[in-house]
1. So which of 68, 33 ends up being closer than 19 Å to residue 10 by Cα and modelled with pLDDT under 95?
2. Determine, yes or no, whether residue 31 is out of contact with any strand residue (DSSP E or B) (no Cβ under 6 Å at 6 or more places or on another chain) and under 19 Å from residue 82 (Cβ atoms).
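The values are calculated or read from the model by the stated rules, or taken from the named source; none is laboratory data. All values derive from a computational prediction rather than experimental measurement. In this analysis, Cβ positions are derived from the backbone assuming ideal geometry, glycine residues included, and neighbour counts consider all displayed protein chains.
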């Protein structure tokens, strides 16, 4: 599976390894220099996770306009990093099985 991430500065990172994914999520979201930190990982299937510093996690398929965007709230940075690693590994079903809420 191919995938890429955007860091908190909006820079693309192609297929980062597990340690880099964790760093981009955990350290990036804690960066006090960034006004509204968010990071995202998108897999070739179109499934994408976006994590925001406030604990919001967005799950969507950016290739399918009919697919509904879903959210989880109060997700800590370590859990977000774990979910990003799952998506990087292609574990879409495991992520989709979480108790997502409809995005407003």
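1. Of 68, 33, the one residue that is closer than 19 Å to residue 10 by Cα and modelled with pLDDT under 95 is 33.
2. no
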